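Take a look at the structure below.
The values are calculated or read from the model by the stated rules, or taken from the named source; none is laboratory data. Just so it is clear, the model here is predicted, and its values are computed rather than measured. Cβ atoms come from the backbone with ideal geometry, glycine included; neighbour counts cover every protein chain shown.
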Amino acid sequence: MLIGIVGKPSSGKSTFLNAACRTAAKVGAYPFTTIEPNPGTAYVRVECLCQEFEVTCNAKNSVCRDGVRLIPIEMLDVAGLVPDAHLGRGRGNKFLDDLSRADAFIHVVDTSGSLDAEGRDVESGTWDPRQDVEFLEREINMWLVQILHRDWRRLSRRAETEKLKITSLLGEKLSGLQISELAIKTAIRDVELQTDKPASWSEEELEKFVQRLRRRAKPMVIAANKVDRPQAAKNLEGLQQLTDETVIPCTAAGEFALRNLSEKGVISYQPGASNFEILTPKELGETEQSQLQRLQTEILDKYGSTGIQQVLNTVIFDVLQLIPVYPVEDAGKLSDHDGNILPDVYLVSKGTTARQLAYKIHTDLGDTFIHALDARTKKRLAENYELQANDVIRIVAAGATH
Ligand SMILES: Nc1nc2c(ncn2[C@@H]2O[C@H](COP(=O)(O)OP(=O)(O)OP(=O)(O)O)[C@@H](O)[C@H]2O)c(=O)[nH]1
Ligand SMILES: [Mg+2]
């Protein structure tokens, strides 16, 4: 699972990464501060099942903190994209290629409208951030169109002459971009193209197909950043009206400051919370005190949180529609073979079956799968049982159990 952080230069991508992942990527008030991509690990937060089962858990592939399970998510912050990046402008295609492994994108937008298309300072409120959403989606679409164009003629003719399915040829071609054959099939169906005559698809049809494919295969959430700045509230409304993508108001700089102070023990703050508590007021200067006060009244009280955690949870649970499930080897003790209680949580797509989960854990477990067991009810589950959020599952297999 990889989430790409995209947006024009200086919109706050690296600040977002640093706030979410506690990384130290370079941040700067000038375009192209980031050149090489910065990786990081963020966490989505769900209520841990240790509360429901009243047990003390021993989280292994994740972290349990005060009854909240933190599930790691890989993130990648890349260089800023400028219009015509797909033609090589700015840092060009390299950065689009860095994003090929991404399952979804977070588009960080400067909601205050203080930067032009290239990320240069302009008077606050004079740039309409709606343009950023349109241009970025277009760039990503054109990047995909370009990849397809490279051998579309050969591919589409081959499908027709050799009577091969265009969907499987495209699936092979696009597998390195994390684009599945299912996403391709659905996108073709959405735009009502004829699968048996791909060579006759017009340029316009190809672009329409790519548009749908992008939305399905690389879905996006808009992080309406810098809401702490003037003009942002007005622009936020415009953004929300423009697009069907989810738009979440946020301040990456605000989250970064809160998490720093919380790590130093100056405040008590949980990512995603609507408030914080000052523990050691003496360590705060007057300016810091008033900045914190403003963060509380102008952001947390108004929007409910800094928005960073909400962006992450929205990408994973609403946009990618993943659900948490807990595999165990002992359904009575809820443990693995070493006695660790509720050790692992997996994020799987809605619709994943018990047997598919077995394959995710280990190929052997999938191959020798006999049945699964619901640890709550101790009922047997067939191989095609569709997992539900927060299921605790034991897999019974011929060779091994889990
Ligand atoms: N007011 C305010 N400033 C922010 C916020 N987030 C980031 N910034 C500032 O915006 C500027 C650019 O931040 P970066 O994180 O370097 O932006 P970037 O998108 O990574 O920029 P490039 O790597 O150049 O593409 C810095 O001066 C940040 O301090 C925010 O939420 N509010
Ligand atoms: Mg950056």
**Prompt:** Is it the case that some residue within the range 331-341 is in contact (Cβ under 8 Å) with a residue 60 or more places away in the chain, under 23 Å from Pro72 (Cα atoms), in contact with a helix residue (DSSP H, G or I) (Cβ under 9 Å, 6 or more places away or on another chain) and not charged (D, E, K, R)?
**Reply:** yes
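Can you work out which of the residues in the range 242-271 that are among the polar types (S, T, N, Q) and more than 18 Å from Val311 (Cα to Cα) is farthest from ligand 2 (Cβ to nearest atom)? Show your work before the answer.
So in the range 242-271, the residues among the polar types (S, T, N, Q) come out as 243, 246, 251, 260, 262, 268, 270.
Then drop every residue that is not more than 18 Å from Val311 (Cα to Cα), which leaves 260, 262, 268.
Values: Asn260: 18, Ser262: 23, Ser268: 30 Å.
Ranking the qualifying residues of the range 242-271, first place goes to Ser268.
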**Message:** Would you confirm whether or not the range 38-53 contains a residue that is over 30 Å from Val392 (Cβ atoms), of a type in the set (S, T, N, Q) and crowded, with 18+ Cβ neighbours inside 10 Å?
**Reply:** yes
**Options Thr195, Thr126, Thr186; residue that is farther than 30 Å from Ala223 by Cα and either among the β-branched types (Val, Ile, Thr) or in contact with a Cys (Cβ under 9 Å, 6 or more places away or on another chain) (or both)** = Thr195
**Unique residue being in a loop (DSSP other than H, G, I, E, B) and either in contact with a Leu (Cβ under 8 Å, 6 or more places away or on another chain) or in contact (Cβ under 8 Å) with a residue 12 or more places away in the chain (or both) when the list is Asp364, Asp344** = Asp344
**Qualifying positions in the range 283-310 - at pLDDT below 95 and of a type in the set (A, V, I, L, M)** = Leu284
**Prompt:** Which residue, of Thr41, Thr56, Thr34, Thr111, is touching an Asp or Glu at 6+ places or on another chain (Cβ under 8 Å) and away from ligand 2 (no atom under 15 Å from the Cβ)?
**Reply:** Thr41
**Request:** Pick out the one residue from Ala273, Ala223, Ala253, Ala217 that is crowded, with 19+ Cβ neighbours inside 10 Å, of a type outside the set (Ser, Thr, Tyr), on the phi < 0 side of the Ramachandran plot and more than 16 Å from ligand 1 (Cβ to nearest atom).
**Result:** Ala217
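Quick grid of which residues meet (1) in contact (Cβ under 8 Å) with a residue 24 or more places away in the chain; (2) among the acidic types (Asp, Glu):
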residue: Glu329; (1), (2): yes, yes
residue: Gly351; (1), (2): yes, no
residue: Ala358; (1), (2): yes, no
residue: Thr368; (1), (2): yes, no
residue: Leu373; (1), (2): yes, no
residue: Arg380; (1), (2): no, no
residue: Tyr385; (1), (2): yes, no
residue: Ala397; (1), (2): yes, no
**Request:** From the list Ala29, Ala24, pick out the single residue that is assigned to a loop (DSSP other than H, G, I, E, B), more than 8 Å from ligand 1 (Cβ to nearest atom) and surrounded by fewer than 21 Cβ atoms within 10 Å (Cβ to Cβ).
**Result:** Ala24
**Asked** Before we move on, is Lys13 more than 21 Å from the chain's Cα centre (by Cα), within 16 Å of ligand 1 (Cβ to nearest atom) and either at pLDDT 95 or above or over 29 Å from Glu134 (Cα atoms) (or both)?
**Response** no
**Asked** Considering the range 42-76 alone, what residues qualify as being under 30 Å from Gly119 (Cα atoms) and in contact with a Gly (Cβ under 7 Å, 6 or more places away or on another chain)?
**Response** Met75, Leu76
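Per-residue answers, yes or no, for (1) more than 14 Å from ligand 1 (Cβ to nearest atom); (2) under 24 Å from the mean Cα position of the chain (by Cα); (3) free of Cβ contacts under 8 Å to residues at least 60 places away in the same chain:
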{"position": "Val78", "(1), (2), (3)": "no, yes, no"}
{"position": "Asp116", "(1), (2), (3)": "no, no, yes"}
{"position": "Ile140", "(1), (2), (3)": "yes, yes, no"}
{"position": "Thr167", "(1), (2), (3)": "yes, no, yes"}
**Elements of type helices (runs of 4 or more DSSP H) in the range 71-189, at least 1 residues being surrounded by fewer than 17 Cβ atoms within 10 Å (Cβ to Cβ) and modelled with pLDDT of 95 or more** = 130-149
**Asked** Is the range 191-203 home to any residue that is modelled with pLDDT under 95, assigned to a helix (DSSP H, G or I) and under 29 Å from the mean Cα position of the chain (by Cα)?
**Response** no
